[in-house]
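Asker: Below is one structure. I have some questions about it.
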Amino acid sequence: MLKRNFTEEQNMFRGAYRKFLEKEIAPHVERWREQGIVDREAFTKAGEQGFLMIWPEEQYGGMGDDDFRFEQIIIEETANVYAGDWTNTLHSRLVGPYLSRFGSDEQKARFLPKCVTGECILAVAMTEPDAGSDLAGMRATAKDMGDHWLLNGAKTYISNGINADLVVVAAKTDPDNNPHAMGLFLVERGMEGFERGRNLKKMGMKAQDTAELFFNDVKVPKENVLGDPTLGFVYLMQGLAEERLIGACGFIASAQKAFEVTREFVMERKVFGKPLSYMQNTQFKMAELR
């Protein structure tokens, strides 16, 4: 991977993280793919060494450094050892910031420390069987019952869905009058009425547990609502913007790894007594890929 535009501290971080991956993650990836889920120890081991959720303030156990390049390094190096289906970045940088951006001081103090250590694994639940990118088509609802919210609905294709201890669930709070009024509700493992369905089989990313989630009259305490219960749509739009940056880093890192693997193959593979890389068409293709 290119090291330009990284600080000395970040390059040292890269080296330490690479060693961690080689020792604690890479040897287990194939087994995780076979079992369809990553061992929870992957998160706690990463947390112990400071490789989860870099950005939270020190009072919550993080480094207090919100420089996205740290996460870029994590994404690049994770792809480099073929471990992209360990969704550490989804936990750390895609879901975690919802707590810091929109959570109260009490919520941050209650959840962030265990998220940093990997004891509390995160997921976000937006997609439904009949509603994907069209969030306005969401059918999950949350009704204000005075001292709590009553959450009902179903979600699907939820990454970290089996492992998750805390799920940020999007649900409409005024479906009859305003289809864009929705809240983000913190649903914790063990809450009555919160059930998990299948760990879905996929063509790729097989170690990533992707599940169905069901919410049947789940009583969500008022202290488990993120920010304004009518502005969840706005909150999600802010989070999804960085999700595209996360995706871009991952796609480029995977493409770079694919190029390197292909280059190694064509240099070693012999055809008609010469390496495949000597063939003009191969050189054209490799140049185009690069």
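Every read-out reported here was derived from the displayed coordinates using simple, explicitly stated rules and does not represent laboratory data. The structure presented is a predicted model; accordingly, all values stated were derived computationally and were not measured. With ideal geometry, Cβ positions are generated from the backbone for all residues, glycine too; neighbour counts draw on all protein chains shown.
Asker: Mind telling me which of Met63, Met126, Met203 comes out most flexible in a GNM of the chain, alpha-carbon contacts under 10 Å?
Answerer: With Cα springs under 10 Å in the chain, the top fluctuation among Met63, Met126, Met203 is at Met203.
Asker: Treating the beta-carbon of each Lys and Arg as +1 and of each Asp and Glu as -1, no other charges, what is the dipole magnitude of the stretch 100-170 about its Cα centre, to the nearest 20 debye?
Answerer: Its charge dipole is roughly 100 debye.
Asker: Separate question: Please compute the contact order of the chain in relative form: average sequence separation of alpha-carbon pairs under 8 Å and at least six residues apart, divided by the residue count, as a percent.
Answerer: 18 percent
Asker: Under the definition of Cα pairs under 8 Å and six or more residues apart, what whole-number percent is the relative contact order of the stretch 14-143?
Answerer: It rounds to 26 percent for the stretch 14-143.
Asker: Still on this structure: How large is the charge dipole for the stretch 58-104, taken about the Cα centre, if only the Cβ atoms of Lys, Arg (+1) and Asp, Glu (-1) carry charge, to the nearest 20 debye?
Answerer: Using Cβ point charges on Lys, Arg, Asp and Glu, the stretch 58-104 gives about 200 debye.
Asker: Listed highest first by mean packing, meaning other Cβ atoms within 10 Å per residue, what order do 225-235, 25-35, 46-56 come in?
Answerer: Taking the mean over residues of other Cβ atoms within 10 Å, the ranking is 46-56, 225-235, 25-35.
Asker: Still on this structure, I have one more. Name the long-range amide H neighbours of Phe194: under 5 Å, sequence gap of 5 or more, or other chain; modelled H, no Pro or chain starts.
Answerer: Asn216
Asker: Which residue fluctuates most in the GNM of the chain (Cα springs below 10 Å): Gly190, Gly132, Gly36?
Answerer: Per the Cα network of the chain with a 10 Å cutoff, Gly190 tops the list.
Asker: So what is the 222 nm mean residue ellipticity for the chain from helices alone, if each DSSP H run of at least 4 adds -39500 (n - 2.57) and you divide by all residues, rounding to the nearest 500 deg cm²/dmol?
Answerer: -12000 deg cm²/dmol
Asker: I would also like to ask the following. For Lys172, list the lysines whose Cα falls under 22 Å from its own Cα; do not include residues on the same chain fewer than 8 positions away.
Answerer: Of all the lysines, those that pass the test against Lys172 - Cα under 22 Å, at least 8 places apart if same chain - are Lys143, Lys155, Lys219, Lys222.
Asker: Related question: In whole Hz and in residue order, list the ³J(HN,Hα) couplings for the stretch 223-232 that follow from phi through the Karplus curve 6.51 cos²θ - 1.76 cosθ + 1.60, θ = phi - 60°; x for Gly and Pro.
Answerer: Calculated HN-Hα couplings, in order: 6, 10, 9, 7, x, 7, x, 10, 10, x Hz.
Asker: For the stretch 1-79, compute Rh as the Kirkwood radius over C-alpha pairs and then the Stokes-Einstein diffusion coefficient at 37 °C and 0.692 mPa s; write the answer in µm²/s, rounded to an integer.
Answerer: Using the Kirkwood radius from Cα pairs, D works out to 243 µm²/s.
Asker: When only C-alpha pairs under 8 Å and at least 6 residues apart count, what is the relative contact order of the stretch 26-91, in percent?
Answerer: Relative contact order for the stretch 26-91 comes out at 27 percent.
Asker: Right, next: Please give the residues of the stretch 41-72, grouped as numeric ranges, whose backbone N is less than 19 Å from a label point set 7 Å along the Cα-to-Cβ vector of Asn5.
Answerer: Label zone hits: 66-72.
Asker: Between helix 69-80 and the chain, what is the angle of the helix's C-alpha long axis to the longest principal axis, kept within 0 to 90° and rounded to the nearest 10?
Answerer: So the inclination is approximately 60 degrees.
Asker: Between Phe51, Cys249, Thr89, whose Cα lies farthest towards the positive end of the dipole of the chain when Lys and Arg beta carbons carry +1 and Asp and Glu beta carbons carry -1, centred on the Cα centre?
Answerer: Result: Cys249, furthest along the dipole toward the positive end.
Asker: Also, quick follow-up: Roughly what angle does helix 280-289 make with the longest principal axis of the chain, taking Cα atoms, 0 to 90 degrees, to the nearest 10?
Answerer: The angle comes out near 30 degrees.
Asker: Can you list residues whose amide H is under 5 Å from Leu200's amide H, if they're 5+ apart or on another chain and H is modeled 1.01 Å from N?
Answerer: Thr210, Ala211, Glu212
Asker: Set the Förster radius R0 to 22 Å, insert the Cβ-Cβ distance between Met203 and Val261 as r into 1/(1 + (r/R0)^6), and round the FRET efficiency to 0.05.
Answerer: 0.70
Asker: Separate question: Inverting the mean 1/r over all pairs of different Cα atoms, compute the Kirkwood radius of the stretch 48-129 and quote it in Å.
Answerer: Result for the stretch 48-129 stands at 13.2 Å.
Asker: Connecting C-alpha atoms closer than 10 Å in a GNM of the chain, tell me which of Lys219, Lys202, Lys257 has the biggest fluctuation.
Answerer: So, out of Lys219, Lys202, Lys257, the one fluctuating most is Lys202.
Asker: If you place +1 on the Cβ of every Lys and Arg and -1 on the Cβ of every Asp and Glu, how big does the dipole about the Cα centre of the chain come out, in debye to the nearest 20?
Answerer: In total the dipole reaches around 1420 debye.
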